[in-house]
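No lab work stands behind these numbers, since they all come straight from the coordinates. Only a predicted model underlies this, so the values are computations on that prediction, with no experimental measurement involved. No Cβ is skipped: glycine too gets one built from the backbone with ideal geometry, and neighbour counts run over all protein chains shown.
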């Protein structure tokens, strides 16, 4: 059976040496990380949902958390996603200084979110919340809170560190548009995860 030029072209693409998905290997690896990490967050949230449904009672979050404060945290993180998108656009256009400024704004947003989360943690700890116990009678409630929000907070902290490196490289005119884009891709993922946490943990 004769092989068409299309078959040969496909074979040459997958034989190695080029990206079969028309993206750089760094972006492909980041997407693989985002998919696997997203599945991990999905597992944590699914486990939280199972525990909550299986429990005969569950604390009223409105009586424990200040939802206006949580909404402020969410607004800060979503706004930082907008500044990150602006930084990516500026980097693609070769406006490195503009990209640098908006990356800095994104870092400030991340630090603001982490500060709010630290305040929220300290408040609940002062009220007696621990991984294995809390004053509201459902030990798994505080365990789920600390594990899920803490795991997400570690991702935000990692993002702030990565963005700091990007900002430093931009300041020295050594950053590439793809480098800013990859950092932005990770940051948007972190923001999207928080939207699910905010909805499933604090609202529903």
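Here are some notes:
- Folded to 0 to 90 degrees: helix 25-54 orientation relative to the chain principal axis, Cα: 20
- Value of [θ]222 nm, deg cm²/dmol, for the chain, DSSP H segments ≥ 4, -39500 (n - 2.57) each, nearest 500: -26500 deg cm²/dmol
- A simple packing score, the average count of other Cβ atoms within 10 Å per residue, orders the peptides 93-99, 184-190 as 184-190, 93-99, with the highest score first.
- Between helix 139-171 and the chain there is an angle of about 40 degrees, using the helix long axis and the longest principal axis of the Cα atoms.
- The fraction of Cα-Cα pairs per 5 angstrom bin, counted from 0 for region 91-180, comes to 3, 14, 19, 16, 11, 10, 8, 7, 6, 5, 2, 0 percent, rounded to whole percents.
- If you run the Gaussian network model on the chain, springs between alpha carbon atoms under 10 Å, then out of 167, 129, 54 the most flexible one is 54.
- The distance from the alpha carbon centre of region 30-59 to that of region 123-191 is 16 Å, rounded to a whole number.
- Using alpha-carbon coordinates, inclination of helix 5-14 to the longest axis of the chain, degrees: 50
- Shape class for region 35-88, computed from the alpha carbon gyration tensor (a ≥ b ≥ c): oblate, with a/c not under 1.5 and a/b at or below b/c.
- Label-to-label distance for residue 75 and residue 33 is 3.2 nm, based on points extended 7 Å past Cα in the beta-carbon direction.
- Fewest-first sequence of 166, 51 by Cβ atoms within 10 Å of each Cβ: 51, 166
- Residues considered: 135, 56, 177. Largest GNM mean-square fluctuation over the chain, using C-alpha springs under 10 Å, is found at 56.
- FRET efficiency for residue 178 and residue 131, using Cβ-Cβ distance with R0 set to 30 Å, rounded to 0.05: 0.15
- Considered as an equivalent ellipsoid built on the Cα gyration tensor, region 23-203 has semi-axes of 34, 17, 12 Å, the largest given first.
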